[in-house]
Amino acid sequence: MAEIPVQDYAKQQEIEKDEARKRYEFKKSLERLEEKQGSGTELISLYIPPDKQIYDVTAQLRDEYGQCSNIKSKQTRTNVQSAISSILARLKYYKAPPENGMAVFCGAINIGGDKTDLESIIVEPPEPIKTYSYRCSSSFELETLKDMLDDRVVHGLLVLDLQEAYWGILTGTRIEPIGGTQSMVPNKQRKGGQSSIRFARNREIAINAFFSKVGEQSSEAFLSDPKFFDRFKGLIVGGPMPTREDFVKGNYLHHEVQKRLLGSIDASYTNECGLRELVFNAQELLRGEEISDEKREMSRFFAELRKENPAAAYGEASVRANLEAGAVDTLLLSEKLREARLTISCGNCDYQEIKTMQIEPGKRFRDLPFGRCPKCQSPLVLEKEEDIIDELTALADTSNTRVEIISDSSEEGGTLLSAFGGIAAVLRYPTGM
Ligand code: ZN
């Protein structure tokens, strides 16, 4: 096997990490959009494909603006019109849509106490937007974007025993049954009159024929649709032993299917119900490389913690001190971390404080009372707010520290969040901080 030059490998890892970070950012923006609610049907979701002309979009928006006169509620009408104006203003900065197009979300968001606030958010999706759409609703239309998140990887599912086989597709956590087939394999019980050798031979032939048919139908299920094939990353086969192993080792699958085989595992049902059982039993297999990376990083951290003088730190204050000292080798951040770093300043003198606060749905930091300046008694105002993952990542970048965003789908990831506040670090050397 040809060796990959070290540089290329490092570069490839960088690209993959960038991808992971971008995906995380995208996921986070979807979560935030999902929380936002309008009071009437006045939140606009606008999807612009990459090949759409901006002047076409603005013309359509002006048309929508005109049609607003049909809206009965004066408040809704005003809100929709201001949202459209706001989108038009933002579109002025675009000569053409970005590479994958753009999704624009705009409207008067409920912020509690009968108050609303006009917000407009532009999302550049990881995959191209296919169709132009303009919708007005009480919440943002996010399905198109969510599908992109889900559909990144699909897995083929196959369950079989000697009587039947069933196929399905796994997208994210969604199982889509394809269909099944029955075998002609006679039961193990031999009927009277037939020689046992002959019976065994006939049974062997019938099994071989059934396996061949399952192999062919697997190609049809997983290889015939090019759109599926692009995202087809793995196959999981389930059923009782030794049938499932005989099948996967018997060269019945097309090589394009065979090479995607992640493994064969137990499933007692071999019909549609078997698909769900298979996915349940295959959790470990499915998490794949990404999870094992995470597990490896987390076990390094746990191994350090067990030492007398650990090169490890956890909790925001300790990790931050180590980051500032340039002592962190790998920064471990839970994907579920929802905190912001706030910079609060005096409007009059140079007094400033920086603190971390929990992000909660519907809560806006700039509405909080921050009290008065201890130096000059002027009111304190929020100068800057930053997501803590972004802030710590930027801090880590200044000292060449690796950053791992850990999902909570593994036990280790769950522990990071519940026992260590979602922030931990493997250090370059023990610091005692
Ligand atoms: Zn002051």
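Below are the figures for this structure:
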{"quantity": "Where only alpha carbons of the chain are counted, the Rg and the Dmax (Å)", "calculated": "28.4, 106"}
{"quantity": "Computed P(r) (all Cα pairs; the stretch 75-180; 5 Å bins; percent)", "calculated": "2, 9, 15, 15, 13, 11, 8, 8, 6, 5, 3, 2, 1, 0"}
{"quantity": "Relative contact order (%) - criterion: Cα under 8 Å, at least six apart; region: the chain", "calculated": "13"}
{"quantity": "Distance in nm between pseudo-label sites at Lys295 and Glu245 (7 Å out along the Cβ direction from Cα)", "calculated": "2.1"}
{"quantity": "Beta bridges per DSSP with both ends in the stretch 327-433, % antiparallel, nearest 5", "calculated": "80"}
{"quantity": "Paramagnetic label zone (point 7 Å from Cα along Cα-to-C-beta, Met357; backbone N under 20 Å) in the stretch 314-342", "calculated": "316-317, 337-342"}
{"quantity": "The stretch 248-288 residues near the modelled Glu411 label - backbone nitrogen below 14 Å, point 7 Å along Cα→Cβ", "calculated": "284"}
{"quantity": "Amide hydrogen neighbours beyond the local backbone of Val403, cut-off 5 Å, H modeled", "calculated": "Leu331"}
{"quantity": "Length gained when the stretch Glu383-Leu305 is fully extended (0.36 nm per residue, less Cα-Cα span)", "calculated": "24.3 nm"}
{"quantity": "Prolate/oblate/rounded label for the stretch 19-119 (Cα gyration tensor, a/c 1.5)", "calculated": "oblate"}
{"quantity": "Carbon and sulfur %, accessible surface of the chain computed with the full protein complex present, 1.4 Å", "calculated": "49"}
{"quantity": "Distance in nm between pseudo-label sites at Lys130 and Gln75 (7 Å out along the Cβ direction from Cα)", "calculated": "3.9"}
{"quantity": "23 Å Cα-Cα reach of Lys384 towards lysines, excluding residues that sit fewer than 8 places from it in its own chain", "calculated": "Lys22, Lys27, Lys28, Lys36, Lys115, Lys336, Lys355, Lys363, Lys375"}
{"quantity": "Cα-only radius of gyration and Dmax that characterise the stretch 371-425, units Å", "calculated": "16.9, 50"}
{"quantity": "Length-normalised contact order for the stretch 346-433 - Cα pairs under 8 Å, 6+ apart - percent", "calculated": "19"}
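The values are calculated or read from the model by the stated rules, or taken from the named source; none is laboratory data. Since the structure is predicted, the reported quantities are computational estimates derived from the model, not experimental observations. Cβ: placed from backbone, ideal geometry, glycine included. Neighbour counts: every protein chain shown. Quick note on the areas: whole protein, heavy atoms, side chains included, nothing else; ligands and nucleic acids left out. Shrake-Rupley method; radii C 1.70, N 1.55, O 1.52, S 1.80 Å.
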